[in-house]
1. Based on the Cβ-Cβ distance from residue 18 to residue 39, what FRET efficiency comes out when R0 is 25 Å, to the nearest 0.05?
2. Per residue Cα convex hull volume for the range 61-144, in cubic angstrom?
3. Relative to the longest principal Cα axis of the chain, at what angle does helix 14-42 sit, 0 to 90 degrees, rounded to 10?
4. Using the count of nearby Cβ atoms within 10 Å as a rough guide to exposure, how do 29, 61 rank from fewest to most?
5. Tell me which GluC sites (Glu not before Pro) from the range 24-119 have a DSSP coil assignment and no more than 10 other beta carbons within 10 Å of their own.
6. Relative contact order of the chain: what whole-number percent is it, with Cα pairs under 8 angstrom and at least 6 residues apart?
7. Modelling each spin label as a point 7 Å along the Cα-to-Cβ direction, I'd like the residue 65/residue 91 distance in nm, to one decimal.
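Just so it is clear, none of the values below were taken in a lab; they were calculated from the coordinates. Computed from a predicted model, the values in this text were never measured in an experiment. Here the Cβ is made from the backbone with ideal geometry for all residues, glycine too, and neighbour counts use every protein chain on show.
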Amino acid sequence: MKREEFLIIYDQGPDAVFALVETLVAQITVLTARVRELESRINTNSRNSGKPPSSDGLARTKSLRKKSGKKSGAQKGHPGHTLEMTSKPDKIEVHRVTQCQHCGASLPVSAESFERRQVGDTPPLKLEVTEHQTEQKTCPVCGV
């Protein structure tokens, strides 16, 4: 309601003001009950109502593990387990340097050394098809 509407009701006398207040109090009572009901709906879960656990949403469960004080991952002194480089790789790709990355000058000279790194890839699966053939012959004695 706007200020002018309140002033019109005020000018109508105390009974009009009391009627307005009673109407507003009734609305407040209804809305308060509705808010209470909606809040109780929000606060229900599978532990305090008959709702199934799947309706609880994506609440994270708290871990039962105790903190050890160590950083995650391998600890210092751990020997580690990595694939060893093979002496006979299936394929060798040489990435040639043709110019200086600092000044851009041409580098026609031969390499002084190589830095080696190996990447192991699993080859793609290939369907192997076997065709089976049976011989067809005619007996020269009986003709079968």
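1. Here the calculated transfer efficiency is 0.20.
2. Spread over its residues, the Cα hull of the range 61-144 gives 519 Å³ apiece.
3. The angle comes out near 30 degrees.
4. Sorted ascending by nearby Cβ count, the order is 61, 29.
5. Within the range 24-119, the qualifying GluC sites (Glu not before Pro) (loop, at most 10 other Cβ atoms within 10 Å) are 84, 93, 112, 115.
6. Relative contact order, the chain: 6 percent.
7. Each label point is offset 7 Å from its Cα along the Cβ direction, giving 3.9 nm.
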